[in-house]
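Shown next, in structure tokens, is the structure this report addresses.
Bear in mind these aren't lab numbers, they're just calculated from the coordinates by the rules spelled out. Here the structure is a predicted model, which is why all the values come from computation and not from measurement. Quick reminder, even Gly has a Cβ in these numbers, built from the backbone with ideal geometry, and neighbours come from all protein chains shown.
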Amino acid sequence: MGDEVETAIAATRAGRVDAFDEVVRACDAELRAYLACRCTSAEEVDELTQEAFVLAFEKLSGFDPGRGPFIAWLKGFARNLVLQQLDRRSRRASKGPLIRQLLVTRAEERARSDVDLRSALRHCLGELPAEQKQILGLRYERGLRAREMGRELGRKVTWVTTRLQRVRDALRSCMQLFLAGNR
């Protein structure tokens, strides 16, 4: 995702507004996953995803790749939008500052847990055998469906789906152990 995003950002900054579509395509799924953990509905995820991309586009001149990856910068906008949404929600509920603080604390805890999850995922991905990494790469980096993966690997679709599920299960178990401190 890094090089294509950097190229698209440079093109957008140079005046090719349509190049920002590439940024959206490259970052959309990860941003939506980030927001899905913090929002109460799919509509809210859609709304905040769009708002975050609009803000990022409007403030693109302020992005400094030397300070970190674009997706982290984009998630900063999303986090602030979530906090604003929580603030509006708490004011509407008229339940006072205690509930607002509780909602903000929950959002901050989720943000911290994201860091833990990413660390666990990195660790566990590093322990996977090459074949399993290849299967994950075909599915999640290249976005291939099971049928396409089967053609590329010379395997049946049922083999691909079973193997993919086993890899996911192994990653889940590894991450749970990692997060529990057993590694």
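Numbers for the structure displayed
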read-out: Dipole of the chain, positive direction: furthest Cα of Pro69, Phe53, Ile135, with charges on the beta-carbon; value: Ile135
read-out: All-pairs Cα distance distribution in the stretch 1-56, expressed in whole percent, bin size 10 Å; value: 25, 47, 24, 5
read-out: Normalised contact order of the stretch 114-183, rounded percent, pairs of Cα under 8 Å and 6 or more residues apart; value: 40 percent
read-out: For the stretch 114-183, Kirkwood radius (reciprocal of mean inverse C-alpha pair distance, Å); value: 12.7 Å
read-out: Lys, Arg +1 and Asp, Glu -1 on Cβ, resulting dipole of the chain about Cα centre, debye, nearest 20; value: 760 debye
read-out: Cysteines in the chain lacking a second Cys C-beta under 4.7 Å; value: Cys27, Cys37, Cys39
read-out: Rounded to whole Hz, the Karplus (6.51, -1.76, 1.60) HN-Hα couplings of the stretch 129-143, x for glycine and proline; value: x, 4, 4, 5, 5, 4, 4, 5, x, 4, 6, 9, 8, 8, x
read-out: Computed lengthening from Glu47 to Glu148, 0.36 nm per intervening residue step minus Cα-Cα distance; value: 33.1 nm
read-out: Helical mean residue ellipticity (222 nm; -39500 (n - 2.57) per DSSP H run of 4+; nearest 500) of the chain; value: -26000 deg cm²/dmol
read-out: Nearest-0.05 FRET efficiency for Arg67 and Arg16, computed from C-beta distance (R0 30 Å); value: 0.80
read-out: Cα-based convex hull, the chain, per residue volume (Å³, whole number); value: 159 Å³
